[in-house]
Structure formats: C-alpha cells, structure tokens
1. Would a scan of segment A:558-577 turn up a residue that is modelled with pLDDT of 85 or more, over 22 Å from A:ALA646 (Cβ atoms) and either of a type in the set (A, V, I, L, M) or in contact with a strand residue (DSSP E or B) (Cβ under 8 Å, 6 or more places away or on another chain) (or both)?
2. Can you tell me which residue in segment A:72-100 is surrounded by the most Cβ atoms within 10 Å (Cβ to Cβ), limited to those that are part of a helix (DSSP H, G or I) and touching a Leu at 6+ places or on another chain (Cβ under 8 Å)?
3. Give segment A:821-852 a look and list any residue that's modelled with pLDDT under 60 and more than 8 Å from chain B (Cβ to nearest Cβ), or say none.
4. Test of understanding: among B:LEU252, B:LEU309, B:LEU295, which residue is more than 7 Å from chain A (Cβ to nearest Cβ) and crowded, with 22+ Cβ neighbours inside 10 Å?
5. Between B:ALA217, B:ALA113, B:ALA101, B:ALA192, which is within 17 Å of B:MET234 (Cβ to Cβ), among the aliphatic types (A, V, I, L, M) and surrounded by fewer than 23 Cβ atoms within 10 Å (Cβ to Cβ)?
6. List the strands (runs of 3 or more DSSP E) that sit entirely inside segment A:589-667 and contain at least 2 residues that are farther than 17 Å from A:ASP577 by Cα and touching a Pro at 6+ places or on another chain (Cβ under 8 Å).
7. Just to verify a result, which residue in segment A:536-558, among those that are of a type in the set (A, V, I, L, M, F, W, C) and surrounded by 15 or more Cβ atoms within 10 Å (Cβ to Cβ), is farthest from A:VAL488 (Cα to Cα)?
8. Somewhere in segment B:280-287, is a residue within 21 Å of B:GLY109 (Cβ to Cβ), more than 15 Å from the chain's Cα centre (by Cα) and either modelled with pLDDT of 85 or more or more than 8 Å from chain A (Cβ to nearest Cβ) (or both)?
Amino acid sequence: MGFYNILMLIGLAGVAIPVILHLLNRRRARVIDWGAMQFLLGSAAARNRRILIEEIILMILRCGLVALVVLAMARPFLSARPVIPWMLVLPLVFVAVICLAIAGSIRSRQRRARWVLLLVAGGLLGIAGAASAAEYVLQKRFWPAPDGGKDVAIVLDGSTSMHMPAGDNGRLNFDRAVAEARHVIDACNPADTIALVIAGGRAHGILPAPTSDRDAVRKALDALRDGSARAPAAGTLDAPGALAAAARQLRAGHHPAKKVVLITDAQHLGWSVGAPEAWVEPARALRQQVARDARPQVICRTLPPPKHLANATVEQVRFSRTVIGVGRPVDVTVTVRNVGDVAVPGGQVVLEAAGRSAQRDAVGEIQPTNSRVATFTLTFDAPGRHVVSARFLGDDAIAADNSARRVVEVIDTIDALVVGATRPSRHERDRAAFYLARALAPGPARAAPPADKRPDAPDRVRSPFAVTSVAARDLAEHPDLQRYRVIVLADVPALPEAAAGRLGDYVAAGGGLLIAAGTDADPAFYNHWSTPDGMRVAPAKLADERRVCPEPPGLAPETLTLPGMTRLVAHGDSEVDAVSVEAYRPLTTFGNAPLEAYGSLTNDDAILAGGRCGRGAVLMLPVGFDVAETNWQRTYFFVPFVHECAHHLAETSGANWNVRPGNTVTLPLPAGTKTADARGITVVRIRRDPDGAETSAGPPMPVEVAQDARHGPAVRFARTSEPGLYRFRLPEPLAAAWEHAPAARTSVPFVVTRDPRESHLAWLLPADMAKVAGYLDASGVRLDRAGDVEQLEAMVAGRIPGGPLWAYFALGALAALIGEIALTRWIAAQRRSHTVEPVAFGATDDDARSYRARAKAMVSLPDASHQHTGHA
Amino acid sequence: MRERMIQRSAMPAYMRLLDPAALAKVHRLELIARGVVEGFVTGRHPSPYKGTSIEFAEHRPYAAGDDVRDLDWRVYGKSDRYYIKQYLEETNLRATILVDASGSMRYRGDAAATYEGQALSKFEYARYLAASLTHLLIHQQDAVGLATFDTQMRGYIPARSRTSHLRAILHRLADTEPGAETALAPIFHDIAERAHRRGLVIILSDLFDDAGAILNALHHFRYRKHEVLVMHIMAEEELTFPFSRFADFRDLEVRGQDIQLDPRAVRAEYLRQLRTHIDRLEMGCGQMRVDYAQLSTRQSFDEALAGYLASRQQRAP
C-alpha cells in the first residue's frame, strides 16, 4: 500500500489529539470535596471495569476516526505490484491507535503503563510511516516517469465478445473501451503522440500515423463508437497480431518511450498463451524502437467480465447437401445455442436468401448450454453462389453473434466424364460405361416438361449431371478436365501413362473420381497408380478376382454409410436386397492403414472404399457392372446409388466458399485467364446496412494470383481473419468470361465464418497473463495489467498505479463517526444519568414558598395544640 | 436590620448559633416526648413513675413500706383490702443531642440554604439545629445534653436543665469543627450505655455509615427505652448528584483519598445505592419506632425545624 500524498501522513500525529484532549480534560477536572464517598466508591467499583471498557472503545473510535481521515487524505492506493504488504502497515496503525486509546483511558495512577503504551503506539506509527515511505520510494523506482515524451498506441479490442454489455448500466464493453481510451488520451502529456489501433481477427490502424492532435484522436474514437467509421474489427482478437500492428504504428513516432495500451475483455481465445513463438516477432518489433537501456511497456487493461450472461449464438447453419441443383429443395438446419449461464427467452430464427422472402421459425426458451434447432427448406431458381443469412431474433446479450451467413453454390449442371475402356459402340450396352453414363444421365440433360403433364403430377426429376463419355486412350488429349466435377473410370483395365498422370493431377487438384474396377481391371495398374507428386490414387488395393457360385453374395445394406445412402436403403422399392455380385476383386488395404469402407457384401468383403488424394476424393467399386459379374445395374438400386456416389465426389471436389478465419480462399479462374486480368481481382468486405443494402466496409484488398500449370489459374485470398461476407470483385474482361457465376458476373461472394469459440466466453486467468508477460519479458518488453481506469491512467502518465483506497478509508471514517455517536448515545442511554430521578428526601415541595406557607399554617395552631397538650 | 447585624456581630461566637428569627419560629412549638421519659423534676413529659398528679393511673395491692397516705380508704371500706391508689406522673425530659462532627458533615454544596450570606455546610446546619433544639428544650424545663463525635466521642455534656446549661452547650457546639471519619455505630452504643435513664436521643447526622450497623445501634437506644429522633441531614448535591463534567472527588474524611471519574457514568448507580441506603434507614427506623426526619440543607434550618416540629405535634397522640 502506498500514498500519493505521503506528506499527509504527518497528520497521523493528530491521532493523539483525542487522547491529549481527554487527558487535559482530566487534568482540568474540577476538585469536589465530597462527603458521600461511601456511595461514590461503591458505584465506581461496580462500574469501574465497564466504564474503562467503554472509554477505551470510545477512544479507539475517536483516534481511529482521526487516523482514517488522515489516511484518506493521504490518498492511499493499493499498488499493482506491492512491495510491502498493506496487511503489515494497516494493522500497525490500528494497533497503535488501540495502544493510544488505552493509554488515554487508563487511570491516572497507572502512569508507567501509560508511558509504555504511548511509546509502543509511537513506535508502531513510526514503523508504519517508515514502511509507507519505503513503499513510496520503491514504487517510484519501479514506475519511473519517462523523461521526455512518449508514443502511445491505444489498441482497442474489437472482437465479437467486446460487444456484450457488462456492468450495471448495461453499456457495451466496446463502448467502455472507447471511454477508457479517452481517459488514456487525457492522461498523456501534450507532447505525446497517440496512435489508434482496432484489433479483432486482424488489427489495423484507425489513424494513418501517431499524432499529437488530441481532437483528431477523439474524433476517430467517436466515429468508432457511433459506427460512422470503418466497421470495428470482428471475430476473435489476435493479441500478438494486435501488438504487431501497434508496433507498426509506433514506428512512425519519434519519442524515446513507447507504450502500448491494450483495452480488452481478456477473452482467452486469441492470446496464444501456449505459443511463446507467436509473441517473439511483435515484441522484437516493439523492442527495436527504444534505446538499449529502455523497455517498451505494454499496458493491458482488462475490462471486467459480466457476472451473468444470457447469450444465444447461431452456432451452426447446415445444409442437407452442399451441391445444390437448381429447383431442388435443400433442408437448412440452424442451431442456436445458449452459451451463457442464464436462460435465453425464446425468439425467432429468420432465414434469408438473396432474392427470396425471409422464412421464420420460432424457437422456445433456451437453457444454458442447451441448443434449439430451426429447420427450413430452400429452393433456388437460379444457379450461382447465393448468400444465405440466418439470424436469431431474441433478447440476449451479444447481438453480434446472433447471425451467420453462408454461401451456397447452386449449380445447374454437374459435368461428369465417363471414361470407358473402348470408344462407345453399338455393343456399349454390355459395358460398364454404358450403365454408369445412363445412371448419371437417364434422359436428356435439359429436358423440358412434357406438354401433356398433369398439373398434379410430380415434376419429373431431371438429372443434374451432364455426362460426356470418352475412351481411355483418348483421355490424355481430352480438353479441360478441371471443368468436370466427377470423372468415372468405368471398368477400364488400365490407363495410358499420360492419361493416368493427367487424371492424377485432376484428383489432386480437387476433382472427384469414381473407379469401377471389375474383373477386367489390371490390379497392377490400379495398385501402383499415383500422382506425379507421389500420392496414391486408388483408396484400396485390388486383389485377385473372386467368383462365388452358385450363391453369390448380396449387398449388406447396413454397411452402406455414404451420406444419403441410409435414406436410400430404407426406401421400400430400393431393391437393395436383389443385388448379387458373382465376380469381383476383393478390396484390401495398403499397408497397415485401415480400409475406409463405405459398403460391404454379405460375405464381409468391401464393395465400396473411399479416400482422399490431395484435395480430391476417390471412391472405388471392385465390380465392372458386366452382366457376367453382377445384376446390380439391372436393379432399381443402381441409379440412386451411382447418383449418391457422384454427389459425394462432387461435393468434396467443389470449392469451399465458407472458410474458417485464417484459411485461404481460392477462386479458380477459367483456363487461359491472363495474369494481368487476374491481378485486377480485388476482395472487399461487405457490410450490411440497417436497410439491408450492402456496402463495402473498407478498401478493396488485393489477391494473390496463382498460375499453376496443373491446377489452372486461380487467385487466392488469405486475409480472412475477420469473419463476415466478402466478395471477389472481378474486372470487366474477366467477368464476361466468368462462366461459374453467370448470374452475378462482377462479384463472387464468400464467407469467413465466425469462430464459435468466440461466443463461448472464457477469460484469461492471471496465470495466463503471467505467462504472456514472461514471453514478452524474454524479448525485453514489459507487460503490466491495469485493473481499473485509474491504474490505467497512472501507468500511462508514469505515476504509481494502484487501486485507490481513499474511499474505503473515508467510509471507515464515516463508520467510526457513526459508531462514536451511536456508542456515546448508547452509553448515555445505559447510564440513564439524565433520566434517573433524584432521591426523594425530606419535604417533597420543591417550591420553598409553598413549603413555607404550609409550615406557617401548621405553626398557626399552637394555642389549640398547646392547650390540648396542656390539658392532657 | 443593619442595627441587628451589628448587634449580632458584637455577640460571642457561640451566641450566634441562636438565630432570633429561627427561635421566633419555634418558640411556640414544643418538643414533646412520645414515650415515657425518666425525668428528675416534674415536667410535661410522660414519666414511667407513678406520683402525685391529678390523673389516676391504677390500683395496686399494698405492700410493706408503702406510704399509708396513698391507701385508697374507699376501696378498703368496700372490700376490706388495702390498695394503693397510683397517679400518673409527668416529668421533665432528658434529651441528649448527638451531633455528627465527622468530615463528611463539612460538605457544603452550592444549593444549600444560606445563613448570613453563607451557604451552610451540613455540620453548620446541624449545629444551628442543635442550638435551636437546645434552646427550645431548656425553655421547656427539659434537660439537654450534647455529644459530638466522629470516630470517637469528641465531647460530651451530660443533660442539665439549667438555663445556664444552654450556654455551655452552645459553647461546645461553636467550638466543635468536623474532623475525621464517621463511625456512628460504636459511638451510639457508647452513648446508649452511658444514658441509664430513659430519655430522648436526638441524632443529627448524615448517617454515612453502614445502614445495618446504624440501625443496630439505634436498636440499642430503643432497648434502653430511649426515644430516638434521627435527623438525617443531607446536602442537595448528595441527593441529586448533578455533576456533569469530569471531576476529582476528594474525600472529606480520609485525607489523600480521591477518585477521578465522569460523574455521569456513575450517577445512576450512585443514586441507586443512596436510595437503597435511605430506604433501609427509613424502614428500619419505622420498624423500631424511631422518629426519622430527613432534612436537606437546601431548606433553611429554621423552616425545616418548624416544619418538623409542627408535623410532630400533629402526629402526637
């Protein structure tokens, strides 16, 4: 504990005032020669101990009152880094007060005891004063005021969790941070320069450079609060990144001292507590800006978290399929979870898709840690990338995590390439290629509804697949494999080397490959087929042919585990039981890795194996769909089975338009796109205004152009630290050639999803903060934690920071005053000295005149009485 | 008035104890013994002896040695037996005034009645009372004795009824100054042993001693068939304990004994103990038929004496 006005402690001598007054009062005691000593001594003996105790307590209260007033005026504070514990100093003072009080209260005859007590009290007060002075000196040494000016970077945590109300007035933490930033500005010297950084998933400076123009900084802060400035950062705070951004800003400052003030709610996420290496570069960048003997200071002001929180968050938006066809219904389930510790009253979940009216679904009250699911069905009329937005409309603490956006790709046609063993011929009906191609596209690719269709008749299911067939030997020359989402190898014995290499590249780049390897297939080829990068293409090893007669095995329905397959098997007309496989090549695993089987025969041999190859996916069937091998292709189960396999491959091979923060978004470009055109692509973050209109939040951001010979041209965007909706802006020449988004040629949306952990609030513990301080200290940067705004101001201004305690002392003084008054009154009430009636004695007439009149009246009868007596 | 003051100032000190105004107030009153007293001359008080009087008392059988003049010949004529006719005798009173001259009687107080411009201490109050009573009794032809005491007998004047005896008593009263501690009970026992003949014992004291011992001693007087009149003299401050500031109470009886305290802290307890003491005395006196009069020095002694005598006269049988 220290004192800002340490000289005021001299006033502690005033503690002796009540004692001196008391002793003077005794010394000036009126001497009364008293006769009725018998009763006085008896009374005093009966009450002596009690009187002494009362006097001592009263004296303690009076001396304590003076001591507390003096201590409060000395402006005590609890230092952020106390050297001498206050538990030592304060008890010394109060023991001294008690000694003084006893010394003043004891009887005059006990002079020796009084002097001993006075000496003890004085000694204790001296020790307490010396300890306080030593604390003051040590604190001054620990918190030196910088000579000359300083550059201060104020870093505001703009993460999602900062948008929660905390405290009694319901103010958002972010608004509190802005308000405290103003205190920091006020605490800076006029010559100091101030930089302003807003930090979330990504940190950026609000002002171009540190400035000493206070009004400009305040104006920027006001703009942050009222939302007129660039949108505050969102997502999860990247604390090392924020420090690095502050260091970049401070580099433009010219003062010798550097301070970074980070105002945050100290959510654990994003602090890299277990990753010391994350702090090395930011700390080094900061350390390099100061002289060798100086240390830059990072002041972390942690805003107190709310005691209770009722917070619902849209945790998940899930589509029943990711490859969505035009006109095909897709189920959307929105999961709303209560991540607080107070129940969230029910509300509505609103699902909006561009060009479609909003759908609403009510959800009931959500208990803490529980979730509710709202289900919607969407149908898209046009192909392209659609932004689907789910919002929870309810009463909860953080509104920022009540919405989630996703980009879904609606496709008109899935291009599929069926590679047959030979060129298509009139005997093709006997070949696997025929069945597989027909299974994918049973009819014309774009069939108009029949003219005689009855209104109540269901729409004819149109296959989304546009199938192209090619012979294996022509595959090497087949143009633009990347345009196909799925390629089917239909019982091809082996591929030429060039074709095999090209197809391997296709898979590694993200394509989907279905291999139907029947008895004609060459195990040597498939088992050794690998991409030019050395990745094995086939997910399973083909064994020697196995024929099972006369009772061939069928499909084991319960083993079919591809998404959608379960629903298919459960259908009564699926004829899954009718399938029998007489000849096949059992699938085994390469080495020790377990086989990733998605289906088995009734004899437990795997019939469908899957795996990934690079960014692509591969499914492998050990049958060739030859009539001599199986009757599968003749059952109703065949077409939906092939469709599900193809859908699965198409989904995994599609581009991901919903990325987690920090991941890279890749926009594949048409083959032949010029690099110059690709460089014209920019990315903008989209902000939705209250009226629903979309505006760009921030300047366009450049992309990285990747000219990969194998994967074709593409652009990548890696600055995905801030969640939200983004759009690739395509320049005009490129937009015209953009065939993937004919409906929205000029922009391609993608979403950086929110880290759901940001809503699960977990706070940084003091031990975590100590770890981070250790990381920074190792790089020569000092980290101090400010518990409140007063400490923050003190640290910024170079004063000794500490929690102010004067209010407690003032309250203590008030309590002592009230206690003194109450005790005095209580003692008076107990003594009843003013209410006790005097002893009735002698004539009761107080009025002497009336008594005299009565006596005269008695005296006036003497003759009669005398005569009477005389006669008697 | 001035002339009177001049005359009084010219008086001997002991004569100043007789205040003409006070005597004027009480001269019409009498102090009559309630019980029988053994006087030595015929007076106005009931006597235990049968003698010549006009009031018939009783008959008793003749015994050898009786004066034949007292034989009731009428009874003899009727019953042929010798009876002696006895008459009630009235005698004079032998009063002994006991004045407490202990140190506590020196207490004066601010609320005490003034006499000749000076507030009276309890002892002075008692002295004036004793002087007035002596004057009254002697003028009633009664014999008056005086005993002053503190821890021991300071002076004793046996009862005489001569007018000149008044001067001796006043002289002794004027010469006596209050001194040491109080020890009432032994003194009372001593005086009770000294006075063989029944008489009136008048005690002027603040009775600052153990109430039980005092009552025991009073019982001794009663055992000796004395009529006892206790005039309990207290100062107003002793009855109200009106002090409010921290004070050093110095004992008037024991030199060097004092106590410093806040009077408010002990007032209730002090008054409680005092009330208990007075109640015990009052009840004890009532039980043993001791006349107990409470006199506060706030009231002038002449008024107090006149009031007491008047009320005693009213209560007389």
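The values are calculated or read from the model by the stated rules, or taken from the named source; none is laboratory data. Since we're looking at a predicted model, the values are computed, not measured. Positions of Cβ are generated from backbone atoms using ideal geometry, with glycine treated the same way; all protein chains shown enter the neighbour counts.
1. Yes.
2. Here is the first cut: in segment A:72-100, the residues part of a helix (DSSP H, G or I) are A:72-73, A:86-100.
Now drop any that are not touching a Leu at 6+ places or on another chain (Cβ under 8 Å), which leaves A:86, A:92-93, A:95-96, A:99-100.
On the way: A:TRP86: 18, A:LEU92: 19, A:VAL93: 25, A:VAL95: 15, A:ALA96: 25, A:CYS99: 22, A:LEU100: 29.
Looking at residues that are part of a helix (DSSP H, G or I) and touching a Leu at 6+ places or on another chain (Cβ under 8 Å), I get A:LEU100.
3. Within segment A:821-852, A:THR844, A:ASP845, A:ASP846, A:ASP847, A:SER850 qualify.
4. Values: B:LEU252 fails: more than 7 Å from chain A (Cβ to nearest Cβ); B:LEU295 fails: more than 7 Å from chain A (Cβ to nearest Cβ).
Unique residue meeting the criteria: B:LEU309.
5. Details: B:ALA217 fails: within 17 Å of B:MET234 (Cβ to Cβ); B:ALA101 fails: surrounded by fewer than 23 Cβ atoms within 10 Å (Cβ to Cβ); B:ALA192 fails: within 17 Å of B:MET234 (Cβ to Cβ).
Answer to the check: B:ALA113.
6. Values: elements: A:597-601, A:606-613, A:616-621.
Counting at least 2 such residues, we get A:606-613, A:616-621.
7. First, pick out the residues of segment A:536-558 that are of a type in the set (A, V, I, L, M, F, W, C): A:537-538, A:540, A:542-543, A:548-549, A:555-556.
Checking the rest, the ones that are also surrounded by 15 or more Cβ atoms within 10 Å (Cβ to Cβ) come to A:537-538, A:540, A:542-543, A:548, A:555-556.
Numbers: A:VAL537: 13, A:ALA538: 13, A:ALA540: 16, A:LEU542: 17, A:ALA543: 20, A:VAL548: 26, A:LEU555: 21, A:ALA556: 24 Å.
Among them, the one singled out is A:VAL548.
8. We begin by selecting, within segment B:280-287, every residue within 21 Å of B:GLY109 (Cβ to Cβ); these are B:281.
Now drop any that are not more than 15 Å from the chain's Cα centre (by Cα), which leaves B:281.
Pick out the ones that are also either modelled with pLDDT of 85 or more or more than 8 Å from chain A (Cβ to nearest Cβ) (or both) and you get B:281.
Yes, some residue in segment B:280-287 is within 21 Å of B:GLY109 (Cβ to Cβ), more than 15 Å from the chain's Cα centre (by Cα) and either modelled with pLDDT of 85 or more or more than 8 Å from chain A (Cβ to nearest Cβ) (or both).
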